[in-house]
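Worksheet: one structure, shown below.
The values are calculated or read from the model by the stated rules, or taken from the named source; none is laboratory data. Owing to the predicted nature of the structure, the values given are computational and were not obtained by experimental measurement. Cβ placement follows ideal geometry from the backbone for every residue including glycine, while neighbour counts extend to all protein chains displayed.
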Amino acid sequence: MINYIEYINETLKPRIAENEVVIDLFAGCGGLSLGFEAAGYKTIGYEMDKAASETYNKNLVGECFPIKLDIDFEYPKADILIGGPPCQPFSVGGHQKGIEDARDGFPVFIDAVRKLQPKIFMFENVRGLLYTNKWYFDLILTELRKLGYIIDFRLLNAVNFGVPQNRERLFVFGHRSKFNFPKPNSYKVTVGEAIGDLMFTTPPESKFFTPSMDTYVAKYEKASSCINPRDLYANKPARTLTCRNLAGATGDMQRVKLKDGKRRRLLQREAARLQSFPDWYEFNGNETRRFNQIGNAVPPLLAYQLALALKECLQLKEHYSAEEIIENNIQPNQILTLF
């Protein structure tokens, strides 16, 4: 069995070998871009959070610009567009204001597709976009199809792609050929494989639950009819890591239960590994900002596999023009018969 830590440390090293350039919008600390650089693509990032942008620049080959994007922005030429438009308006934990929320990044993303006309694009978002906010997702797809793209989308759980965490997100690809999503793995990497060397230790930066926090968690679990305490278990993948349960003292906080019964908050390096960031990846900013960067990121190991699938699509000989796609209303399930 491959050692998980050694695998991510080596596999996710940037290895720029392709001619195509990737633009990453709302790039965060570089989770998506790291996966794409490991697959051979040079990236250019845009991220308004200064600390996250500094993290990107510290670790990746490409440059990230700390800019707040708007629809007047002019982009450099690029063949591939990726990104994670801000999802707060559609997250279950948010107020779900959608298009009325100023944090909505989709108008900017669609504008970038219109201006760049990339060979292929991809965006990631929360699963709620397929359910409560399906009406808005349909609007987004309509606008993107008008630009001459075949759209494939799927809910993917990172745990099925070597990431030791149950994390379900929506991934959408726009292309002019045929796209196949990466195949899931049958083997699930566990918390123990990812942080077993750390999870029962107490380094100087450790933060322990106070008696009042222990009492609060016990009440929270009783009120929510929690059968198993929400600690991390070495023999299972983790539950979803979020900004809220990493950086905040909440009832569902990510934590380790030590052998003496005490609970310790998750360490930054533990959180990073559970998100599949290599040990050499360094995060900028104060503790809260670092945890927010980790919690917001697309797991780089999943991003890497998506980048390889994207590369296969680009390398196909048969490609439609935007006009052919629009005129014939070509859909994904028609591709095999038309080629």
### Task
Could you please find all residues in region 204-236 being assigned to a helix (DSSP H, G or I), of a type outside the set (A, V, I, L, M, F, W, C) and over 29 Å from the mean Cα position of the chain (by Cα)?
P211, S212, D214, T215, Y216, K219, K222
### Task
From S206, S186, grab the single residue that is more than 15 Å from K236 (Cα to Cα) and out of contact with any helix residue (DSSP H, G or I) (no Cβ under 6 Å at 6 or more places or on another chain).
S206
### Enumeration of residues in region 279-305 that are outside any helix (DSSP H, G or I) and more than 15 Å from the chain's Cα centre (by Cα)
D279, W280, Y281, E282, F283, N284, G285, N286
### Task
Spot the failing condition for P211; the list is (1) within 30 Å of E312 (Cα to Cα); (2) outside the structural domain of P86 (by TED's automatic domain parsing), and only one is missed.
(1)
### Message
Here is a list: Y233, Y304, Y320. Which entry is hydroxyl-bearing (S, T, Y) and in contact with a Leu (Cβ under 7 Å, 6 or more places away or on another chain)?
### Response
Y304
### Query
Within region 238-252, how many residues turn out to be among the basic types (K, R) and assigned to a loop (DSSP other than H, G, I, E, B)?
1
### Query
Got a number for residues in region 280-308 being among the aliphatic types (A, V, I, L, M) and in contact with a strand residue (DSSP E or B) (Cβ under 8 Å, 6 or more places away or on another chain)?
3
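For every residue, the table says whether it meets (1) modelled with pLDDT under 90; (2) over 20 Å from the mean Cα position of the chain (by Cα).
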position	(1), (2)
P66	no, no
G93	yes, no
A102	yes, yes
V108	no, no
Q117	no, yes
### Query
Which residue pairs have Cβ atoms under 7 Å apart, sit 6 or more places apart or on different chains, and have a first residue in region 115-133 that is farther than 18 Å from F26 by Cα and touching a residue at least 24 places away in the same chain (Cβ under 8 Å) and a second that is among the polar types (S, T, N, Q) and surrounded by fewer than 21 Cβ atoms within 10 Å (Cβ to Cβ)?
G128/S91; T132/Q96; N133/Q96
#### Entry: Set F36, F73: member being without any contact (Cβ under 8 Å) to a residue 40 or more places away in the chain, assigned by TED's automatic domain parsing to the domain that holds F137, aromatic (F, W, Y) and not in a strand (DSSP E or B)
F73
### Query
If you take the residues of region 114-134 that are surrounded by fewer than 21 Cβ atoms within 10 Å (Cβ to Cβ) and among the charged types (D, E, K, R), which of them is farthest from G35 (Cα to Cα)?
K134
### Within region 135-150, considering residues that are assigned to a helix (DSSP H, G or I) and touching a strand residue (DSSP E or B) at 6+ places or on another chain (Cβ under 7 Å), the one surrounded by the fewest Cβ atoms within 10 Å (Cβ to Cβ)
L141
## Note on the structure
G128 meets each of (1) part of a helix (DSSP H, G or I); (2) within 26 Å of F73 (Cα to Cα) with one exception, condition (2)
### Task
Might you check whether a residue that is surrounded by 14 or more Cβ atoms within 10 Å (Cβ to Cβ) and small (G, A, S) occurs anywhere in region 207-224?
no
### Query
When the residues of region 55-70 are filtered to those that are β-branched (V, I, T) and in a loop (DSSP other than H, G, I, E, B), which remaining residue is nearest to Y149 (Cα to Cα)?
I67
